[in-house]
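The values are calculated or read from the model by the stated rules, or taken from the named source; none is laboratory data. What you see is a predicted model, and the numbers here were worked out from it, not measured in a lab. When we count neighbours, we look across all protein chains shown, and the Cβ atoms used for this are built from the backbone with ideal geometry, even at glycine.
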Amino acid sequence: MHEFIQRQTKTTTPRIWKIARQGAKVIISHGQQDGKFQETSRICVPVNVGKANEKNAEESAQSWMERQILLKERQGYRPVGVGLSQTKIDFQSIPDNVRFWKPQNSMNKHMEKLIDQKEAWWMRKRDGMMHAILCDADGELQMYSSTMQPAHKNEPEIPWLKRYPVLEASLKSMNIPPNSILLGELVSVTGMDNNGYQTEDLETIAKIVKGKIELSKKSQEEIGSPWFVIWDVVYWNNNPWGETASTEHRLRHVHNLIQEKKPKFITHPEILYFKDGKSACLMPDDNHTEIEFDGSRNHAIDLAKLLGWEGFVAHDPSAVFGDKAISFRGKPDRPKHAVKVKPKFEADFCVQWNPDEGIGSWGKGKKAGGVGSVFAYLWNPDTLEWQYVTKVGGGLTEKDVKEFADPNLFPMVWQVEFATWTDKGSIQFPEFIRQRDDKLPIECTVDQMPQSDVRGNN
């Protein structure tokens, strides 16, 4: 039995989490210290059967248990008797149980009212991977991933910034004061559009971040250094701005910093707002076409579609996040003062599922024994070939998971909702909407894609 404890704040009752393995069965129990506990279990099965990395059921259970322990440790749980998770920033490092605020995923009444009154600030949502920059108590720079890991999991001895030497030099040129923490997005800039705005590709930055250092550096030689897009300051020179300063104050500070230092490979998102009844925009530089904006949610969505942006984060500029700015329980808080606003697209795809043949996957956990994900394709009438687009597994109900779990039912046509098309002809964040019996698979063609993404050689 492995027993762990997590203290969220100095005043809250600690939470206890226990995990044990009995053969192929893993048992988990959790609850507040001295309180009632809930228990769940999982029976693991052999994996990679017939392959060099085959594991029997017991080995699979052991690996799964070790993974759950690692995840809990990243949430601030510590073995009982070893010591409790940290509940403050000491500026020597960022504890791995820390998470910084995130915007809400759906509209709330507070932001809806603010938007109706044209008092919201609209920040362009960049399509990258969240990271934090710490300038520690000694003035040294450190970078952390979204889960507060200081390095690649397979290369823990190499700090993140050593993978990005050009970016590290640019950050040093900004003279960030000690005891400061900046939040931002690592993005791969692929060029500029006709309006002077940066274009980016999520798959490329994922390759740079997730690959080992040699592959990462090779990608940077071919594509260029990643950019760091600053979208917040939670500490500045030991001042806890995330907790005490307004959103407008923090965003204007980032803007002024970029304007003053003009660092290479560092910028901030475009920010639309209303001033004296007219639209205005905080822009990283002066080389953009001015955006005309009426302040409405619908116009923001239309702009995102027109410009090919992932979307916006609508902010209350007067908001102070207080204790919602930083969490010490391994899970971010989502204050009501910031919300994502993203366009949604729909398309029809021919989908195939036969996981035993490597097409799609079986479900895991609650989906076990059913559909995990399917492969989605579009027909290219010019090349007479099926063009692979992506995997789709989101949006399926428990009933869908079971009813679709028969390879003989495929191919079928699914209507899918998603965030956007990528430059490589894939889609992001796909969600199943419904099966279409009124359409043949061959009618799911590449003309649903943006014209620039119609390819015959993917």
Say we look at region 167-191 and pick out the residues that are exposed (fewer than 14 other Cβ atoms within 10 Å of the Cβ) and over 23 Å from the mean Cα position of the chain (by Cα); which of these is farthest from S225 (Cα to Cα)?
P177
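Does region 189-209 include one or more residues that are within 18 Å of K261 (Cα to Cα) and of a type in the set (D, E, K, R)?
Within region 189-209, the first condition is being within 18 Å of K261 (Cα to Cα), and the residues that meet it are none.
Within region 189-209, none of the residues are within 18 Å of K261 (Cα to Cα) and of a type in the set (D, E, K, R).
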Cβ-Cβ under 8 Å, sequence separation 6+ or interchain: first residue in region 31-42 and free of Cβ contacts under 8 Å to residues at least 40 places away in the same chain and assigned to a strand (DSSP E or B), partner of a type outside the set (G, A, S) and surrounded by fewer than 10 Cβ atoms within 10 Å (Cβ to Cβ). Which pairs?
G31/Q38
For the list (1) touching a residue at least 24 places away in the same chain (Cβ under 8 Å); (2) of a type in the set (G, A, S); (3) within 25 Å of K399 (Cα to Cα), I need the number of the one condition that A368 fails.
(1)
Please indicate, with yes or no, whether at least one residue in region 142-153 is buried (at least 21 other Cβ atoms within 10 Å of the Cβ) and either assigned by TED's automatic domain parsing to the domain that holds I291 or at pLDDT below 95 (or both).
yes
Scanning for something in a helix (DSSP H, G or I), on the phi < 0 side of the Ramachandran plot, in contact (Cβ under 8 Å) with a residue 24 or more places away in the chain and surrounded by fewer than 21 Cβ atoms within 10 Å (Cβ to Cβ), does region 221-230 turn up at least one residue?
yes
Residue among I28, I5 that is touching a strand residue (DSSP E or B) at 6+ places or on another chain (Cβ under 9 Å), modelled with pLDDT of 85 or more and surrounded by 13 or more Cβ atoms within 10 Å (Cβ to Cβ)
I28
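Just the residues that are of a type in the set (A, V, I, L, M, F, W, C) and over 22 Å from the mean Cα position of the chain (by Cα), please, taken from region 229-253. Quick ask: steps written out before the conclusion?
Keep residues of region 229-253 that are of a type in the set (A, V, I, L, M, F, W, C), which gives 229-231, 233-234, 236, 241, 245, 251.
W236, W241, A245 - these are the residues of region 229-253 that are of a type in the set (A, V, I, L, M, F, W, C) and over 22 Å from the mean Cα position of the chain (by Cα).
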The one condition N175 fails out of (1) in contact with a strand residue (DSSP E or B) (Cβ under 7 Å, 6 or more places away or on another chain); (2) on the phi > 0 side of the Ramachandran plot; (3) not aliphatic (A, V, I, L, M) is (1)
